[in-house]
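The values are calculated or read from the model by the stated rules, or taken from the named source; none is laboratory data. Just so it is clear, the model here is predicted, and its values are computed rather than measured. For neighbour counting, all protein chains shown are included, and Cβ atoms are generated from backbone atoms with ideal geometry for every residue, glycine included. Heavy atoms of the whole protein, side chains included, go into the accessibility calculation; ligands, DNA and RNA do not. Shrake-Rupley method; radii C 1.70, N 1.55, O 1.52, S 1.80 Å.
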Amino acid sequence: MKPSSRKFRFATRAVHAGEAPDPITGASSPNLVMSSTFVADPGVNFSVESDETKNAHVYTRWSNPTLDQLERKLADLEGAEAGLVFGSGMAAISGLLMNQLKAGDELVMSDVTYAGASELANETLPNMGIKVKRVDMSNLAAVAAAVTPATKLVYAETPANPIMRLTDIAAVAEIAKANNAEFVVDSTFASPVGTLPIALGADYVIQSITKYLGGHGDAIGGAVLGKQAPLANMRQKILVHGGGILSPFNAWLILRGIATLPLRMRAHQEGALKVAQFLESHPKIKRVMYPGLPSHPQHDLATRQMANFSGMLSFQVEDGNKAARAFADHCEVFHYAVSLGHHRSLLFYMDTDSLLQSSFWLTEAQQASYRAFAGNGIFRTSIGIEDPDDLCEDLEEALRHL
Ligand SMILES: *Cc1c(COP(=O)(O)O)cnc(C)c1O
C-alpha cells in the first residue's frame, strides 16, 4: 500500500489516521497487542531514558503498538504534534496539571468545570502549594484581570459541564499568550468534530475519550494532545513513572469507535436539536440550554467556534427531584445514568446543593452566581443516536407524570 502524501479530510482521517496495515501479517484493521512485554535485544540498555530503546517497544507502560496507533490518530484529528493516552480523562487532567505546575505556580481555571477537575483544583493542587484562581471564562474582562505574568497555566472547559457555558478559545488564548501562560482546553463536550482548540490558539487539548471518541460507553480513557517536547516530558514523568496508562484493549475499542465519530456527531447534533426544540416548547420545562438553540446566550460564539453543536443539552423543571424520579421510572429509551457521548441516550439530575457540597465552586459569590443560574438543579442530557422522535416521545411520556 502506498504511504499517503495528501492531507485528507476529517472523515477520511477518522478512519485511516494513525493506522497502517500490519507489515508482517497484512492485517488491514489495527492489531490488538495485549502483550505487557516485548522480546528485546540483550545489547540494549534497559533504562527508559536510554535513546536506544526509543524506537522499540520494551514494556507496555513505556509504549505499546496499539496505544501508539490511538495516540497518532487522536493527535492527527486534533491537529496536534503529539498525543498521550491515559487510563481515564481524569488521569489525563491530573497528569497535565501535575506535570506543568509546581509549588508556587499559579493556575487560572474556569469556575465551571467537570466536578472531578474542580475538586482536584480546589483541594489537591492547593495542598501541593499551587495557587488556584477560579474565574468565569465567559467573561473576558474577568479573565484579563485574573491572568497576570505570575500565571503559569490557564484552564478552560467548553462547553462546560453541566451548564453548557462556552469559552471563547481564541480570545482567552490571546490573553494567556500576552502573559506567557500556557492554555489548556478540555474539549470533551465538543469533540474534535465540533471544535479544534489548537487551531484556535490553545497549547493543549484534553479529551475524556470515554465519551464521544470511544462513543459506545464501554471503555474509559483519556488523552492530552499538544506539542512534541512537553508531551515527551509528560510521557516519561506521568505515564512511565506515574503509571496510569490505558489498557491496549480499551485503546483498541476506542480506535474502532473513532472511525464512526463524524457520522455519530452528525446524528448526536440532529437528535439534540430536535429534543432541545421539543423541550423548549413543552409547558413543564422552564429552560433549555443547548448551544445550537438561538436562545442560548452564547449562540453567536457557538456558531463561530463549533462546527457541530454535539449532543449535550441541559434543562430545568420546577421540581427537579420529582422529575428525576419520573424520568428514572418512566423512560424506556433514556437511561438515568451519568456519563455522556454514548450511542445510548443518558439523562441525570444534578442537584444544586449536592454539587455545591462537592466543592464545585470556590467563593461565596461564585456559589451565589451558580445558584442564581441553576436554581435547585439541572438535568444533564446526552442525546444518543437513537431516532429523535422516540427520544421526544420518551421524555413526553415521563413528563406526563409530573
Ligand atoms: C467525563 C469527563 C472528564 C473525566 O473523564 P473520565 O474518563 O471519566 O475520567 C473530564 N472532563 C469532562 C468534560 C468530562 O465530561
Determine, from the Cβ-Cβ distance of residue 163 and residue 387 and an R0 of 30 Å, the FRET efficiency 1/(1 + (r/R0)^6), rounded to the nearest 0.05. 0.60
My understanding is that a pair violates if its Cα-Cα distance is over 32 Å; which of 131/211; 211/284; 211/322; 73/177; 227/286 do that in this structure? 227/286
Could you compute how much accessible surface residue 76 exposes when probed at 1.4 Å, giving the result in Å² to the nearest 10? 50 Å²
Of all beta bridges DSSP finds with both residues in the chain, what is the antiparallel percent, to the nearest 5? 55 percent
Along the range 375-388, what does the Karplus equation 6.51 cos²θ - 1.76 cosθ + 1.60 (θ = phi - 60°) give for ³J(HN,Hα), rounded to whole Hz, x for Gly and Pro? x, 6, x, 9, 8, 9, 10, 10, 7, x, 10, 6, 5, x
Suppose each label sits 7 Å from its Cα in the direction of the beta carbon; what would the residue 318-residue 236 distance come out to in nanometres? 6.3 nm
Largest-first principal axis extents, alpha carbons of the chain, Å: 73, 49, 36
For the chain, what's the relative contact order in percent, using C-alpha pairs closer than 8 Å and at least 6 residues apart? 16 percent
Model label zone, residue 343; criterion: amide N under 17 Å from point 7 Å along Cα-to-beta-carbon; scope the range 209-238: 210-220
Label-point separation (nm) for residue 218 and residue 376, each offset 7 Å from Cα along Cα-to-Cβ? 3.9 nm
Does a label point 7 Å from the Cα of residue 59, set along Cα-to-beta-carbon, have any residues of the range 246-281 with amide nitrogen under 18 Å, and which are they? 246-248
Taking only protein heavy atoms into account and a 1.4 Å probe, give the accessible area per residue of the chain in Å². 43 Å²
FRET efficiency for residue 39 and residue 12, using Cβ-Cβ distance with R0 set to 30 Å, rounded to 0.05: 0.30
